[in-house]
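Taking it in order: structure first as structure tokens, then the write-up.
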Amino acid sequence: MDRSSPYDSPNPHRLYRDPQRGVVGGVCAGIADYFGFRPGLVRLALVLGLFFFMPPVILAYVIAVLVLPVKPPAVYRNPEEEAFWRGVSIKPDRTLAGLTQRFRDFEKRVGNLEAHVASKDYELNRAIRNLDR
């Protein structure tokens, strides 16, 4: 029985822990992957946070290790799907504009195809091909 909600998003771009690329628990690597940063920058921010706010940062890190799910081995089917879903999460307006342009191009191609099929030349070429049979 499928327990997924009809309101669940099909977007697989989520915040995960990435223990394969991580040092301690994979939280920094997961955050870096989610936001598109290099893991070293997130680790540097964590170390700086430890100097100024040690107890809250340690508590937040432990909670993140316990709460965040581990990144599945194959989140996306291919690199194109990954680029699309990252774009939806990071720059939805640009992704929408790209989809709008793709649909306009598709509509234009379909319109050209319809115009060709409805033209007199198409009927004439079809009649000539039928004569050869």
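The values are calculated or read from the model by the stated rules, or taken from the named source; none is laboratory data. Being a predicted model, the structure only gives us computed values, none of them experimental. Ideal geometry is used to build each Cβ from the backbone, glycine not excepted, and the neighbour counts take in all protein chains shown. For the accessible areas, the whole protein counts, side chains as well, though only heavy atoms, and no ligand, DNA or RNA atoms are used. Shrake-Rupley method; radii C 1.70, N 1.55, O 1.52, S 1.80 Å.
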Please identify the pairs in which a residue from the stretch 45-73 that is farther than 14 Å from Ala29 by Cα and in contact (Cβ under 8 Å) with a residue 24 or more places away in the chain has its Cβ atom under 6 Å from the Cβ atom of a residue that is among the small types (Gly, Ala, Ser) and open to solvent by less than 50 Å² (accessible area, probe 1.4 Å), counting only partners at least 6 apart or on another chain.
none
How many residues of the stretch 18-45 are under 20 Å from Pro69 (Cα atoms) and assigned to a helix (DSSP H, G or I)? The answer is 12
Considering only the stretch 90-101, state which residues are within 19 Å of Tyr76 (Cβ to Cβ), part of a helix (DSSP H, G or I) and either among the hydroxyl-bearing types (Ser, Thr, Tyr) or free of Cβ contacts under 8 Å to residues at least 12 places away in the same chain (or both).
Pro92, Arg94, Thr95, Gly98, Leu99
Go through the stretch 25-47 and count every residue that is at pLDDT 85 or above and on the phi < 0 side of the Ramachandran plot.
16
Only one of Val65, Val70 is under 19 Å from the mean Cα position of the chain (by Cα), closer than 17 Å to Tyr16 by Cα and among the β-branched types (Val, Ile, Thr), namely Val70
Restricting the stretch 95-121 to residues that are closer than 18 Å to Trp85 by Cβ and among the β-branched types (Val, Ile, Thr), the one surrounded by the fewest Cβ atoms within 10 Å (Cβ to Cβ) turns out to be Thr100
Quick one: in the stretch 55-89, of everything that is touching a helix residue (DSSP H, G or I) at 6+ places or on another chain (Cβ under 8 Å) and assigned to a loop (DSSP other than H, G, I, E, B), which residue is most open to solvent (accessible area, probe 1.4 Å)?
Lys71
